[in-house]
Amino acid sequence: MSIQTRIEESAKTQPGIARRTNPDELRHDWTREELQALFDLPFNDLLFEAQLVHRRWFKAHEVQMSTLLSIKTGGCPEDCGYCAQSSKFDTGLQASKLMEVEKVLAEARKAKEAGATRYCMGAAWREPKDRDMDMICAMIEGVKEMGMETCMTLGMLSGQQVHRLAQTGLDYYNHNVDTSEEYYPNVISTRTYQDRLDTLERVRNAGMNVCSGGIVGMGESADDRIGMLMTLANLDEHPQSVPINMLMPMEGTPLGRSEKVDSIDFVRMIAVARIVMPQSVVRLAAGRELMSEETQALCFLAGANSIFVGDKLLTAKNPEEDKDQKLFAKLGIEPMPAHSCPSEK
Ligand code: SAM
Ligand code: SF4
């Protein structure tokens, strides 16, 4: 009897674990009460439910490996309260202009050799300038030729820029909603939540895969965390990738002195994200450097199945490669093959 069947069978006999969700049904009408009920479940029941959903769509031991490169660092005109790259805060970060295409491709080759299947390129922009688009598209083409999935995160996009990226064959576009609509003005004042949703809609309508998630630990309430997951899960199409970041307090930013997130609360966030977006890849994104191996293992059990590999995220630290490899060996985790997300276009 396969693991899946055994789990399904035991779910039928386990008292009190009435299946609350049907993993075969992609819903876009989740209510606050339903998400609250999931968060209120006893921890073991929530993780059991998340595992059932996870195993319906994914191999439980496979984790998608992405590498993130900052192709243009610092000097951003936006004021995202968590971000060391904002020009509004004195974070001591050395700003740099857009990297040369060849240098980006050389870094991408190293990431591929290290086992990454997706290469994510991030720029500290409010939005890209049209004059930068030729270089951006050359980077996408170069990475595609290496056989990796391509991802860009460049800020807000015009309809024309979205069309250009889609035509070039960009696989994923990252654009995080970061928190609930209600809490958003406490974190960012230079743009609105609707601005984010508008770019997400353009990216989705252009046929590209969407990567969108947010951050836990910015002083938001439990209700805001539910609000963020509801925004994502009630989009017309679930984002194909959902990065859940643990806030990394960056010195000099307004959120630089924030309290660390409770690890169990963070695992619950991953589990509920898994349940309400069954076919999405849920990424354990920024903040892994702050997590114990046990917390990371619980996040994988809760349905996280993507990480950033490589010792640096845009400006924040990430676990070194050998530390990750030791953890994955202990957990029996293997890289997820490229293009194997069930909802990928
Ligand atoms: N400038 C582009 C934008 O704002 O869309 C690219 C952003 S890049 C993907 C950084 C993302 O990582 C942010 O959207 C945010 O969700 C997350 N992030 C940035 N700084 C962080 C921090 N200190 N802690 C946790 N997550 C962070
Ligand atoms: Fe700029 Fe992006 Fe950082 Fe916000 S998250 S300040 S938009 S680089």
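The values are calculated or read from the model by the stated rules, or taken from the named source; none is laboratory data. What you see is a predicted model, and the numbers here were worked out from it, not measured in a lab. Backbone-built Cβ (ideal geometry, glycine too); neighbour counts: all protein chains shown. Surface areas here come from the heavy atoms of the whole protein model, side chains and all, with no ligands, DNA or RNA. Shrake-Rupley method; radii C 1.70, N 1.55, O 1.52, S 1.80 Å.
Looking only at the stretch 262-281, filter to residues that are open to solvent by 10 Å² or more (accessible area, probe 1.4 Å) and touching a residue at least 12 places away in the same chain (Cβ under 8 Å); which one of those is nearest to Leu232 (Cα to Cα)?
Per the stated criteria, the residue is Gln279.
Under 7 Å between Cβ atoms, at least 6 apart or on separate chains: pull out the pairs that start in the stretch 146-174 with a residue that is in contact (Cβ under 8 Å) with a residue 12 or more places away in the chain and end on any residue that is assigned to a helix (DSSP H, G or I) and of a type in the set (S, T, N, Q).
Here the result reads Met156/Thr199; Leu157/Thr199, each pair linking the stretch 146-174 to a residue that is assigned to a helix (DSSP H, G or I) and of a type in the set (S, T, N, Q).
Can you name the condition, by its number, that Ile215 falls short on among (1) under 21 Å from Phe89 (Cα atoms); (2) surrounded by fewer than 23 Cβ atoms within 10 Å (Cβ to Cβ); (3) of a type in the set (A, V, I, L, M, F, W, C)?
Result: Ile215 fails condition (2) only.
For the stretch 316-331, what are the residues that are part of a loop (DSSP other than H, G, I, E, B) and open to solvent by 40 Å² or more (accessible area, probe 1.4 Å)?
Within the stretch 316-331, just Glu320 meets the criteria.
Taking Glu127 as the residue in question, decide whether it is surrounded by fewer than 21 Cβ atoms within 10 Å (Cβ to Cβ), over 21 Å from the mean Cα position of the chain (by Cα) and farther than 19 Å from Pro243 by Cβ.
Considered against the rule, which asks whether it is surrounded by fewer than 21 Cβ atoms within 10 Å (Cβ to Cβ), over 21 Å from the mean Cα position of the chain (by Cα) and farther than 19 Å from Pro243 by Cβ, Glu127 comes out as no.
Does Met250 satisfy the condition of being open to solvent by 20 Å² or more (accessible area, probe 1.4 Å) and within 10 Å of ligand 1 (Cβ to nearest atom)?
yes
Looking only at the stretch 77-110, how many residues end up being on the phi < 0 side of the Ramachandran plot and within 16 Å of ligand 1 (Cβ to nearest atom)?
22
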